[in-house]
Structure formats: structure tokens, C-alpha cells
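The structure appears right after this line, and notes come after that.
The values are calculated or read from the model by the stated rules, or taken from the named source; none is laboratory data. Keep in mind it's a predicted model, so treat the numbers as computed, not measured. Because the Cβ atoms are built from the backbone with ideal geometry, glycine has one as well, and the counts that use them run over all protein chains shown.
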DNA sequence: TTAAAAAATGACTTTGAGTCAGTTAAATAT
DNA sequence: ATATTTAACTGACTCAAAGTCATTTTTTAA
């Protein structure tokens, strides 16, 4: 009997439809300004039911972050399988990341939030979607590290690079500059006359410069 | 009559003593898990009085962030006046930033929070301490940009660098990697066997590599 | 057709940010 | 010195929203 399987599937679908609803609400008014009642209404369910599927508002938000990370992971996987040297693919990954931040700004914002998690909240729930997000995060690091490893082998990247350290560091650098652009680009544009796009390009150029192999 | 001046001074002192109390409470239990009543009790004042001095819990927290930024600004100013080439001082600024994150982890965490502000909260109050924080932030950027400018002049940094862009980018990169270390170092250490210190050194090395002038 | 299990509900509890009418203390005027 | 005005402070109160749970509805198994 496929009843159990069907139930499993329906449960999954319910999870997804609740996350759909949460995206609509959270992205339109901001997480802080949204209530679980509003999510429930958007999902055409009662609040109690939402709490049957998600342990907290934060868990629900991490459901969104998890989606975002899966999407990004997919993009990265795709690029990692393309043609080209390690260095080339690394650059393309960076561009894809920026494109992602441009095409899915809400997902990108949500992911930035994840980066900063667990600093201020004692006792963030280690189960649920928070944990799942970490798993995807590690997978993303691995994809990057593999490309970097390829680049070292094919000679397009410096041979003395540590792939995993490099992956983590580049991720940190890139996310850091994007975060500044997100939160301060209007100020920077006004005060220093520098646009977000210029900064990203500048940053990517620096990263390329410190990664490439300068053959003698 | 110095009454007005004295009152002004007392107001300032009250602000500070409330921030003192807030630091104790917020840093011990986390901002989210702390209540304004607890801050009031620690400050030996009523809650109503706290709200005479700060417009919201968030504003109070930004009072702490503001302190943190002033402290860091002081460190940076000091280093910027030291002996040495631009490149040398830039490295020392990075080291000082890392030292700061190590010596004042709570202040550092608070500042990271500031970086991420205004992404999720529609209608963050542009007045109050939030605004003051931005001012100090701009000042920090200027200090960096000046050192970089010096480095270009003295030939220790590449001549084709744009000081302000470089300052913002380095700040982003450094903050980004530190953020990862903060939030994920235990995971990374377990999974990949990489310590926070190693990552920071790796990151600084990359930054030096892409900034220095390679004279022919 | 009935009993048992699963899913869903929404009124209720609880917590904590922010307010405000009233009180106390300090400065100024008489 | 005393009265009056102004400033500083108080804490009981309001209100919004997260999270709960006894009850109801729906689905599955007997």
C-alpha cells in the first residue's frame, strides 16, 4: 500500500506550500514585521498547523534559507561541470554568485542572515532547517574546493594554494563585500560616488589577482 | 551659570551608565534573550527612564555598537600614525582588527550585527545611534583609504589601486572571513581541521598578495 | 459501520516592548 | 524662605505576537 508514501509526499508538499506562503509574507514586509498569523492566512491554514510543520518562526525562516542555498548549490554545481580551467570556472562561479544576488535578492538577503546566525541567540535550535542549511553550506564549500583543486592541477591557480582554506576564504571575502554593498551601497554612492557593481568588479579582480598562477 | 553644562554632562553620564548596564545584560544572555526590564534593573532605573534616553531596544543596542566602533576607530587612528610604509601599516591595521576581535569579542559581535542591519527591518530608525554608527563607519573607511593612499605614494602598494574602493573592499573581505570564523569555526575545525587563526592568516596573506607593488 | 489514528483548528496563555498619567526632585521666580 | 514652574523619573498598564493545547474534523484501519 502506497498510503504511507502518499502521506510522506503530502507532508512534503505542505511544508513547501507553507514556505511558499512565508516567502510571500516575509519578503513583502520583512521577517520582523511579519506575523505567524499572516503566514497562516497566506497559507490558508491555522496558526496551530504551521507549528505542526515548523518548530518556530525562525525555523520557518530557515526553511526559506534552505531553499535559497539549494538553489545556489545547483547553480554552483552546474558551473563546476562546465568546460574551462579551474581559474576560469572559479571566476564564473563568482559571477554566478553575483548574478544570483541580483536575480534573487530576497533569497540572497535571507542567506546573508544565515551567515550571521547563532551569534546573538543563545540556544539556537540545532535541529530542523538550521541544521539542514549547514549541510548545504558544507556542500557548497566542497564544490568550491574541488574547482580550486582542479585549478591547481591544471596550472591555472597557484600550486601553493590550500583548496579548502582558499574556498572558505574566498566565500568569506565575497560574501563580506556583497554584504557591504547590500547594506551601504546607497551611502557609498552618495558619499564616495562608488556603485555596487564597481565594487563587485573591483573585489573579483582582487580575488583573481591573488589566486592565479604567475608562471615564470 | 554652568547648570546647563552640568545637566548636559549628567545626561551624557546617564546615557553611558545605561549602556554599561545594557552591555552587562546583553553580553551575558544575548540581545534576543534580554529584556528591557533586566537592563532597567541593572541600571538601577525604571524601564520608563530607559526609554527617555533611548528610543528603542534596537537604539540602545546601537549605543553599544557605537562604542565598539569608536574603540576600533581609535585603534585604527593610532596605527595609522605609526612609522612604516603604507603596506606595512595596512597589514598592522588588519592585525589590530583581528586582535580587537579577540580582545573584545562582544564588541566585535555587536559590530558584525551592524553590518547586516537594515536588510530585514523595514523602517529602521535613521536617527539616534544607528546614524552615529554610520558616521564612525565612514571615518574608519577614510582612515583606511588614507593609509592606502600613502602606500601608493611610497610605492609599497600598486599604483593602479583606487584607495577608497580598496579600503571598502578590504574591509568587506576581512569582515566576511571573520564572520565565517565566528559563526562556523567549530564546524570547520571538526570537519576540515582548519582553525580560525589559520584562516585569518591565510586571508591576510591573500590580501597582502593582491595589494602589494611588485616592482620590476 | 465503527474504532483508532492523524491532521487541523483557534481560543487561550504568556511574554515583553513600548506608553503615559502621575509622582518626585530640581531650578527659578516671588 | 516659599511658591511655582520645569525637568526627571516611575511603574502599572496596553497591546501585539509567538507559541500551546484541548477539542474537532478528517482519514485510515478494523
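Evaluating residue B:130 against the criteria (1) within 30 Å of residue A:29 (Cα to Cα); (2) at the interface with another protein chain (Cβ under 9 Å from one of its Cβ atoms); (3) in contact (Cβ under 8 Å) with a residue 24 or more places away in the chain leaves one unmet condition, (2). Candidates are the residues of segment B:199-211 that are more than 7 Å from chain A (Cβ to nearest Cβ) and surrounded by 16 or more Cβ atoms within 10 Å (Cβ to Cβ); the one that is modelled with the lowest pLDDT is B:211. Taken over segment B:1-15, the criterion of being loosely packed, with under 13 Cβ neighbours inside 10 Å and either more than 8 Å from DNA strand C (Cβ to nearest atom) or assigned to a loop (DSSP other than H, G, I, E, B) (or both) is satisfied by B:1, B:2, B:5, B:8, B:9, B:10, B:11, B:12, B:13. Kindly indicate whether any position in segment B:147-170 is out of contact with any strand residue (DSSP E or B) (no Cβ under 6 Å at 6 or more places or on another chain), away from every other protein chain (no Cβ under 12 Å), at positive phi and in a helix (DSSP H, G or I). The answer is no; no qualifying residue exists. Considering each residue of segment A:193-203 in turn, none proves to be over 18 Å from residue B:210 (Cβ atoms), without any contact (Cβ under 8 Å) to a residue 12 or more places away in the chain, assigned to a loop (DSSP other than H, G, I, E, B) and not assigned by TED's automatic domain parsing to the domain that holds residue A:106. Selection within segment B:61-74: residues that are crowded, with 18+ Cβ neighbours inside 10 Å and away from every other protein chain (no Cβ under 14 Å). The member of this set that is farthest from DNA strand D (Cβ to nearest atom) is B:72. Residue count for segment A:51-85, restricted to those that are part of a loop (DSSP other than H, G, I, E, B) and within 16 Å of DNA strand C (Cβ to nearest atom): 3. Of the numbered criteria (1) within 16 Å of DNA strand C (Cβ to nearest atom); (2) at pLDDT 95 or above; (3) out of contact with any helix residue (DSSP H, G or I) (no Cβ under 7 Å at 6 or more places or on another chain), the one residue B:30 fails is (2). Would you be able to say whether some residue in segment B:37-50 is more than 16 Å from DNA strand D (Cβ to nearest atom) and either over 19 Å from the mean Cα position of the chain (by Cα) or in a helix (DSSP H, G or I) (or both)? No: zero hits. Look at segment A:22-44: where a residue is within 21 Å of residue A:113 (Cα to Cα) and a partner is within 9 Å of DNA strand D (Cβ to nearest atom) and not in a helix (DSSP H, G or I), sitting 6+ places away or on another chain with Cβ atoms under 7 Å, you get A:25/A:34; A:26/A:34.
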